[in-house]
Structures are given as C-alpha cells and as structure tokens.
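Working notes for the structure below.
Throughout, read-outs are computed from the coordinates displayed, never taken from laboratory work. Because the structure is a prediction, the values reported are computed rather than measured.
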Amino acid sequence: GHWRGALATTVSHDSHNLTVFGRDPADMAAAANAVIAAGGGMAVAEGGAVTAQVALPVCGLLSDAPAAEVAADFAAVKAAAGRIADWQPPYRTFKAVVGASLACNPGPHVTDLGLADGSTGEIRPLAAAR
C-alpha cells in the first residue's frame, strides 16, 4: 500500500530492535526519535510530526504506566497506523509491521542484518549493485 507517514516500533519480532517503516525521511525520523526518547515502544508520524505514541520503556515491550493509560495510547497508535497506509481490510497496517521482522516466516522480512528471505534463510541485498 501507499504510505502517508511512518511507523517506528521496538515490538518487532524476534529481535525487538527499532524498526521503522515509511517513505518520507522526516516522518521516519520523527517516529524513530520519539520511540528512542521513550526508551522503546511505538510511534506514528505524519507530516513530520508524531500523531500517536505508546511508550514501552521496559525492554521496548512493556510499560510500568497504569494499564488504562497504556491501553489508550496503544489504541491511538493502532488507529493512527491504520490511517497512514491505504491497505484494505482484512490486511491491517499495524499487524503487518509488527510481524514484518519475524524472519522465520516465509517471505521477505526486515532484520538488523538486512532483508531476510524467510523461505530460504538468506540475507538479500536492499539495493542492486551496478
């Protein structure tokens, strides 16, 4: 689908490194920097500004904030994620990006080593050499 913003997350199976999805460098930087400043979590940015964020500072996966606060922030991130790409239901932007780095599944996946082919276990180049 066509991206209109960016999503950054440390909920990126299996490594849980910071993973950023988007097209616009300013949106990607805004989302990534928000997650870094929070010590982990998820952020959505559009127009160069963060539109939703949930802080998950415990290992990038958990929060010590009150459950109601985390739930509200998470719901806002999920809704914002659904607005930044034009993918049609039942394909959900949020679910897609959280699993996009799970390299043991078939298909291409973003990892800290590069683009992994989950079907073959090979790391693929992100750009063709000339």
I'd like the orientation of helix 67-83 relative to the chain: the angle between its Cα long axis and the longest Cα principal axis, in ° from 0 to 90, rounded to 10. 50
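For residue 113 and residue 33 in the same chain, what is the full-extension length gain: residue separation times 0.36 nm, less their Cα-Cα distance, in nm? Please list the in-between numbers first.
Numbers: separation 80, 0.36 × 80 = 28.80 nm, distance 2.09 nm.
Full extension from residue 113 to residue 33 adds 26.7 nm.
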Using a Gaussian network model of the chain with C-alpha springs under 10 Å, which one of 57, 66, 25 is most mobile by mean-square fluctuation? 66
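Residue 95 to residue 72: extension gain in nm, 0.36 nm per residue of separation minus the Cα-Cα distance?
6.5 nm
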Mind checking which of 52, 67, 31 has the largest fluctuation in a GNM of the chain, springs on alpha carbons under 10 Å? 67
Full-stretch length increase - residue 61, residue 14 - with 0.36 nm per residue and alpha-carbon distance subtracted: 15.8 nm
Angle between the chain longest axis and helix 25-38 axis [Cα atoms, degrees, rounded to 10]: 60
Hey, what number do you get for the chain at 222 nm if only DSSP H runs of n ≥ 4 count, each worth -39500 (n - 2.57), divided across all residues, to the nearest 500? -9000 deg cm²/dmol
Under the rule a/c < 1.5 gives rounded, and otherwise a/b versus b/c splits prolate from oblate, where does the chain land using the Cα gyration tensor? prolate
Only Cα pairs under 8 Å and at least 6 apart count here; give the relative contact order of the chain as a rounded whole percent. 21
